[in-house]
Amino acid sequence: MAKHFPELEEVLKNSELVQAVQRVKGLAPAGKPVSEQPEIQKQLEAAGCWAADWSRVRVAEGFNPKRVAAVKFFGDVYLGKFQADEIEADKGVKFPAGVYHSVVCDSVISDDALIHNVGVLSNYVVGPKAVVMNCKTVSATPGTAFGNGVEMSIAIETGGREVLSYAELTIPVAEKVTKNRDNKELLAEYADFVAKYVEAVKSPKGIIEEGAKVLNTAKVVNVYVGPYAVIDNATKVSEATLLSNKEEKTEVLDGSWVVKSILQWGCEVASMAIVDSSVCTEHSHVERHGKVTQSILGPNTGIAEGEVTASLCGPFVGFHHQSLLIAALWPEGKGNVGYGANVGSNHTSKAPDQEIWPGEGIFFGLGTNIKFPSNFTKAPYTIIATAVNALPQKVEFPFSLINSPADRFEGISPAYNEIMPGWVLSDQIYMVKRNEGKYIKRNKARRSQFVFEVFRPDIVDLMIEARRRLQEVKEVKPVYTDKDIKGLGKNYMQESSRKKGIEAYTFYIQYYALNGLKKRVEKILAEKGAAAVKNVLNEASEDPRWEHERKVLVAEFPGKDVKELLQLLVQYQEKIAKDVQTSKEKDDNRGARIIPDYVHAHAPATSDSFVKETWEVTKKLAADVEALVKQL
């Protein structure tokens, strides 16, 4: 039994790729040789077909020779029944199933497949109703592993956090491998698993599954093309696995280049993008000249125009412009890389061996320059503002704003930026709450589990610790650095920001716990009745989430009863709704001062869908609390 990766025990048993290869390995010669069917051979030759040895070309019972024309056969070939009168090869292009104007070597072509105008189709099994059309070379070498087992240098380009690829690789597994480099037993267990996996997927032939399409592409070599996947007008696809199904089609389109890589279900690589030695997990995409090299993309992450190299990039990362992300260990994802962001100063003029740990929800603004090493894992949902040049550092204040310095202070390096702890909570809560809902709505992944909730125990604990450090300053000063308060990084903080940060952290720590109380009271009333609510704040619980929330409530609200706290929750929620609207109204007010017809071209905050949704949530919560209080 696997000690460190029990989740991998089922992978070999359930892998679509492993099962497909097993089917191919189990193929036995089928049909009857053409050489034993003189009438069929005569018709094929009359249609311009030729074989180096007709005894090695076998056809299914019921084979229709009229569906094969101008084809040269080499080696062992099997042709199925071609009965379908129309197979949609491309948009607006339909042909009857069959094999036309192609060279076929050592391949199996299943029922109702369509092969048309293919320079060489060699050593492939083509599934039912699959299409291969207008390609130069579609070939496979015996023993191909379809790009599995490729070593990716994650976070450190020179090596040190390598991850070996396999088709069903997940972000949690990759994170475990990259972050436990001192555990040689764990690393050996993973390497052993991948070795077994690679051995299991080594195939005697290439595979194009049912309903898949390989079109208008010069070179497709050693590729597993999953069911209903599409390769169309690509530059090159080689040593790759494309997992796919009818509802989650994986596509490689329009000038794209995919080599030594895995594309999982629902992925798209399009518009001249490059994916090299990488894994794109389910429903991620690379487009518009985007480049992904030696990297792992999380579910629902999109890369366009920019470059991602040697990075583990978690789910829901937005990366839509010409930017650089290099040597990042970012399994948490849910962040953004703005245009011109240079998150890639991993070279110290000695070797490219430095790294960054961005942490959950970080926002790299336009034109930022981030020097390595850097660690923002204890500063989730922090914004690094436009054009900031950030020094190597470790920041430990969640929901912060790091901005270019507004002033200079004696004794503080001019290279330091200004940090405002908790600023995102106090001034940009619209972003946090909207993203929380946005990720739920945009999630297409079916196999990965996500925690969409922002205010949860681990994040709240970071806020509690950050608040404590702000509160426990030894001396009140106009300005502070990391020498005064641990976790500020290479930034200074003003006294006004310290006070505001304490206030923001306190509000949302309490809001988190008050929400937990509401859920707990609802549960108790439904299961035990009103009498059981009386001691809910004082009795320890076996529910770890509620126990965390309960302890926060007791610490934050000594002496308050359940009714008071529930009514307080309504006040907190109303403040959040007002803050969300105010945050959006700032854009309206600024825009109207600058753009003459702004109000005519932009919907006001009161019409914003998320602002309206927040007010609806607030109204519902107030009604729910009123109903609960009546029962107590």
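The values are calculated or read from the model by the stated rules, or taken from the named source; none is laboratory data. Everything numeric here is computed off the predicted structure, so don't read it as measured data. Every residue, glycine among them, receives a Cβ derived from its backbone with ideal geometry; neighbour counts consider all protein chains shown. Heads up: the accessible areas ignore ligands, DNA and RNA and are worked out on the full protein's heavy atoms, side chains in. Shrake-Rupley method; radii C 1.70, N 1.55, O 1.52, S 1.80 Å.
Observations
- Per the Cα gyration tensor, the stretch 560-629 maps to an equivalent ellipsoid with semi-axes of 34, 12, 5 Å, ordered largest to smallest.
- A Stokes-Einstein calculation at 37 °C with viscosity 0.692 mPa s, built on the Kirkwood radius of the stretch 424-548 over Cα pairs, returns a diffusion coefficient of 188 µm²/s.
- Surface share of carbon and sulfur [accessible, 1.4 angstrom probe, percent] for the stretch 560-629: 53 percent
- Net charge contributed by nearby residues that have their C-beta within less than 13 Å of Arg23 (K/R +1, D/E -1): -1
- Solvent-accessible ranking of Lys179, Lys630, Lys438, largest area first, probe 1.4 Å: Lys630, Lys179, Lys438
- The chain, helix-only ellipticity at 222 nm - DSSP H runs n ≥ 4, -39,500 (n - 2.57), divided by all residues, nearest 500: -9500 deg cm²/dmol
- Extension gain, Lys136 to Lys179, is 11.1 nm, computed as 0.36 nm per intervening residue step minus the present C-alpha separation.
- Ordering of 327-334, 210-217 by packing [mean C-beta count within 10 Å, highest first]: 327-334, 210-217
- The slack between Val476 and His602, meaning 0.36 nm per residue of separation minus the straight C-alpha distance, is 40.9 nm.
- Normalised radius of gyration (Cα atoms, divided by 2.2 N^0.38 Å) for the chain: 1.17.
- Whole-Hz ³J(HN,Hα) from phi, Karplus 6.51 cos²θ - 1.76 cosθ + 1.60, for the stretch 402-414, glycine and proline x: 10, 10, 4, x, 8, 8, 10, 10, 4, x, 10, 4, x
- Packing, as the average of other Cβ atoms within 10 Å across residues, places the peptides 252-259, 556-563 in the order 252-259, 556-563, highest first.
- Solvent-accessible area per residue, Å², over the stretch 560-629 with all protein chains present [probe radius 1.4 Å]: 59 Å²
- Between Ser609 and Ala188, the FRET efficiency from the beta-carbon distance, with R0 = 60 Å, is close to 0.70.
- Nearby lysines by direct alpha-carbon distance to Lys619 (threshold 16 angstrom, same-chain neighbours under 8 apart not counted): Lys518, Lys575, Lys578
- Here the contact order of the stretch 295-366, divided by its residue count and restricted to Cα pairs under 8 Å and six or more residues apart, works out to 27 percent.
- Ranking Ser426, Asn14, Gly302 by Cα position along the charge dipole of the chain, where only Lys, Arg, Asp and Glu carry charges on their C-beta atoms, puts Ser426 farthest toward the positive end.
- Entries in Lys519/Lys620; Lys433/Lys528; Lys66/Lys249; Lys334/Lys378 that, when Cα-Cα distance is taken, lie over 24 Å: Lys433/Lys528; Lys66/Lys249
- Semi-axes of the equivalent ellipsoid of the stretch 43-172 are 37, 17, 13 Å, computed as sqrt(5λ) over the eigenvalues of the C-alpha gyration tensor in descending order.
- Shape class for the stretch 1-59: prolate, because the ratio a/c of the largest to smallest gyration tensor axis (alpha-carbon atoms, square roots of eigenvalues) is 1.5 or more and a/b beats b/c.
- Considering only Gln567, Tyr598, Val617, and ranking their Cα positions along the charge dipole of the stretch 560-629 that arises from unit charges at the beta-carbon of Lys, Arg, Asp and Glu, the one farthest toward the positive end is Tyr598.
- Positive-end residue of Gly211, Leu391, Ser256, charge dipole of the chain with Cβ unit charges: Leu391
- Only Lys, Arg (+1) and Asp, Glu (-1) charged, at Cβ; the chain dipole about Cα centre in debye: 560 debye
- Note on Arg23 and Lys3: the model spin-label points, each 7 Å out from Cα along the C-beta direction, lie 3.8 nm apart.
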